[in-house]
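Engineer: Below are the structure tokens for one structure; questions will follow.
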Amino acid sequence: MHRKCWLSLGLVVLAGAFASCSGLSTLTPMMLERAEQKWNASKPQSYRLTISMEGDRVERGEFEVEVQNGVVTSVKRNGQVAKPASGQDYSMDGLFKFIREEMDLAEKPTLLGAPEGYSAYLMARFDDRTGGLRHYRRAVGGISNSIDVQVLRFELLAEPGK
């Protein structure tokens, strides 16, 4: 039992140290809400973003996403045209939805494969000006089930007809 406590404490300390070095902060509901409010206040209707996603149980991929008039019009994964599964949305709105779902899962870490008594650690960084996601990371204590999502590029596109 003591070994589990020390292991959990060690993971918390390492996660904190890693977060401070990476510029990520522990994700809280208020932090996510503020970022999403900023994003919604000035959300561009047309943009292109490139996302890197990798993890212990996720094959590394780089996604190029184009949004026109608020609708995803193109998704490429590693340069190849992709048809995301139903419910998958790699737009900025889709990333906010994904993070909210992650926060719900983190409340019950066993759903992420964590042994009883272990926690999930969520960290993020959002753009100070726009609220858009810049970097998100999840680590789960007691098991290898991490995920790392980074927005590598974000570019505004001209509105059609303007």
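Engineer: What residue, among those in region 48-62 that are more than 13 Å from Leu133 (Cβ to Cβ) and in a strand (DSSP E or B), is farthest from the chain's Cα centre (by Cα)? Explain how you work it out, then say what you get.
Structural biologist: Step one: filter region 48-62 for residues more than 13 Å from Leu133 (Cβ to Cβ), giving 48, 54-62.
Imposing the further condition that a residue be in a strand (DSSP E or B) reduces the set to 48, 54-55, 58-62.
Numbers: Arg48: 17, Glu54: 11, Gly55: 11, Val58: 13, Glu59: 15, Arg60: 14, Gly61: 14, Glu62: 14 Å.
Here the residue is Arg48.
Engineer: Pick from Arg34, Arg3: which is at pLDDT below 95 and either exposed (fewer than 14 other Cβ atoms within 10 Å of the Cβ) or part of a helix (DSSP H, G or I) (or both)?
Structural biologist: That would be Arg3, the only listed residue that is at pLDDT below 95 and either exposed (fewer than 14 other Cβ atoms within 10 Å of the Cβ) or part of a helix (DSSP H, G or I) (or both).
Engineer: Ok, one more. Take the residues of region 50-102 that are crowded, with 17+ Cβ neighbours inside 10 Å and charged (D, E, K, R): which is farthest from Ile147 (Cα to Cα)?
Structural biologist: So the residue we want is Glu66.
Engineer: For Asp148, only one of the following conditions fails: (1) free of Cβ contacts under 8 Å to residues at least 40 places away in the same chain; (2) farther than 18 Å from Thr28 by Cβ. What is its number?
Structural biologist: Condition (1) is where Asp148 drops out.
Engineer: If you don't mind, another one. If you check Gly117 against the conditions, is it crowded, with 20+ Cβ neighbours inside 10 Å and touching a residue at least 40 places away in the same chain (Cβ under 8 Å)?
Structural biologist: The answer is no for Gly117.
Engineer: Do you know which residues across region 92-123 are under 20 Å from Leu157 (Cβ atoms) and touching a Lys or Arg at 6+ places or on another chain (Cβ under 9 Å)?
Structural biologist: At the first step, the residues of region 92-123 found to be under 20 Å from Leu157 (Cβ atoms) are 92-96.
Once the filter is applied, which keeps residues that are under 20 Å from Leu157 (Cβ atoms) and touching a Lys or Arg at 6+ places or on another chain (Cβ under 9 Å), region 92-123 yields Met92, Asp93.
Engineer: Tell me the residue from Gly10, Gly23 that is in contact with a His (Cβ under 9 Å, 6 or more places away or on another chain) and either more than 23 Å from Asp104 (Cα to Cα) or at pLDDT 95 or above (or both), please.
Structural biologist: Gly23
Engineer: What number of residues within region 41-93 are at positive phi and out of contact with any Ser or Thr (no Cβ under 7 Å at 6 or more places or on another chain)?
Structural biologist: Residues meeting the conditions: 4.
Engineer: Residues that are modelled with pLDDT under 95 and of a type in the set (Val, Ile, Thr), at least 2 per element: which strands (runs of 3 or more DSSP E) completely within region 66-162 meet that? Please lay out each step first, then the result.
Structural biologist: Numbers: elements: 71-77, 120-126, 133-140, 147-156.
Correct list: 71-77.
Engineer: Could I ask something else about it? Give me a count of the residues in region 120-153 that are surrounded by fewer than 15 Cβ atoms within 10 Å (Cβ to Cβ) and of a type in the set (A, V, I, L, M).
Structural biologist: 1
Engineer: Also, I was wondering about something else. Which of the residues spanning region 62-112 are among the β-branched types (Val, Ile, Thr) and touching a residue at least 12 places away in the same chain (Cβ under 8 Å)? Break it down stepwise before answering.
Structural biologist: Filtering region 62-112 down to residues among the β-branched types (Val, Ile, Thr) leaves 65, 67, 71-73, 75, 81, 99, 110.
Passing the criteria: Val65, Val67, Val72, Val75, Ile99.
The values are calculated or read from the model by the stated rules, or taken from the named source; none is laboratory data. Everything quoted here is computed from the prediction, not taken from an experiment. Using ideal geometry, Cβ is built from the backbone for each residue, glycine included, and neighbour counts are taken over all protein chains shown.
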